[in-house]
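Data first, discussion second: the structure below is written as structure tokens.
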């Protein structure tokens, strides 16, 4: 089988491409030339194609059987046009290529950030009503989902996933930012760090994507939540990560109201005085530290036969080896 992976020089895309390479002819797209050459040395076909390049993406889709769309611009801060051009225009280019060349299935990586609404939310289902998007990244990922869903209605076989907080060897979401905050002022600790967080080991996400590739046709058009299914309190997670890194964990107990006002001020200063440079802490990132968010993965377990192979405990051990 011929498969195409977009965003293959990124964290998830690279892990997926390396697994697919065990049994498929793999073409990878990405902008990181160094990583691309490493993948090429493993026998993959590397194309230094920007996802925003319509003609380049179209050419890459030719003669492919399956397309895995992992490319995205993911950040709590940035210019809306940058998010739009990558997440919306890029996805439109991928969908167009899949339809023109009659790809057997498009497997699309969305984000669980679409559920975030500055409140505690537990056991969120894929069918729950989505809140207003909290930032440009989330807005454009929702628009990208819309493009994929409309393509499904036009008979393109599509399955999407919404993974939560992917981590792995040497990588954890927003960790560099949190460590910087810890060293400077201390990580703001809201309500004792009792917020429940869901995280997902990267190999488990790859498993889910491969299950989407081979899933029966009756699941086309569906979207599945993907996590490890092991929610834990934020304070416990921070302490484990600090221990794995061998670094001091500095915490700053504070009320959410005070912290929220400070982040709003930092965002305002950044926009007006610092030429839009990302502040040390955004209001969105603060919200992810303050509010519980866990996902219901029942559908993935029962319909995709998804089973998280790597536990949180094992995953954090592996993470520590590369940190």
Residues in the range 157-176: is at least one closer than 20 Å to residue 53 by Cα, touching a residue at least 60 places away in the same chain (Cβ under 8 Å) and under 15 Å from the mean Cα position of the chain (by Cα)? no
Counted residues in the range 157-171 being under 13 Å from residue 241 (Cα atoms) and in contact with a strand residue (DSSP E or B) (Cβ under 9 Å, 6 or more places away or on another chain) come to 2
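Is the range 295-309 home to any residue that is at pLDDT below 95, closer than 25 Å to residue 121 by Cβ and touching a strand residue (DSSP E or B) at 6+ places or on another chain (Cβ under 8 Å)?
The first filter runs over the range 295-309 and keeps only residues at pLDDT below 95, leaving none.
Scanning the range 295-309, I find no residue that is at pLDDT below 95, closer than 25 Å to residue 121 by Cβ and touching a strand residue (DSSP E or B) at 6+ places or on another chain (Cβ under 8 Å), so the answer is no.
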From the option list 125, 75, single residue qualifying as closer than 21 Å to residue 226 by Cβ, surrounded by fewer than 22 Cβ atoms within 10 Å (Cβ to Cβ) and in contact with a strand residue (DSSP E or B) (Cβ under 9 Å, 6 or more places away or on another chain) is 125
With the condition being buried (at least 17 other Cβ atoms within 10 Å of the Cβ), I'd like the strands (runs of 3 or more DSSP E) fully within the range 209-323 carrying at least 3 qualifying residues. 223-226, 293-295
Out of the strands (runs of 3 or more DSSP E) lying entirely within the range 1-100, which hold 3 or more residues that are under 20 Å from the mean Cα position of the chain (by Cα)? 2-6, 66-69
In the range 139-158, the residues that are closer than 22 Å to residue 101 by Cβ and in contact with a helix residue (DSSP H, G or I) (Cβ under 6 Å, 6 or more places away or on another chain): 144, 147, 151, 156, 158
Select from the range 103-121 the residues that are buried (at least 21 other Cβ atoms within 10 Å of the Cβ), in contact (Cβ under 8 Å) with a residue 60 or more places away in the chain and in a loop (DSSP other than H, G, I, E, B) and list them in ascending order. 110, 116
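The values are calculated or read from the model by the stated rules, or taken from the named source; none is laboratory data. Keep in mind that what you see is a predicted model, and the values were worked out from it rather than measured. Every residue, glycine among them, receives a Cβ derived from its backbone with ideal geometry; neighbour counts consider all protein chains shown.
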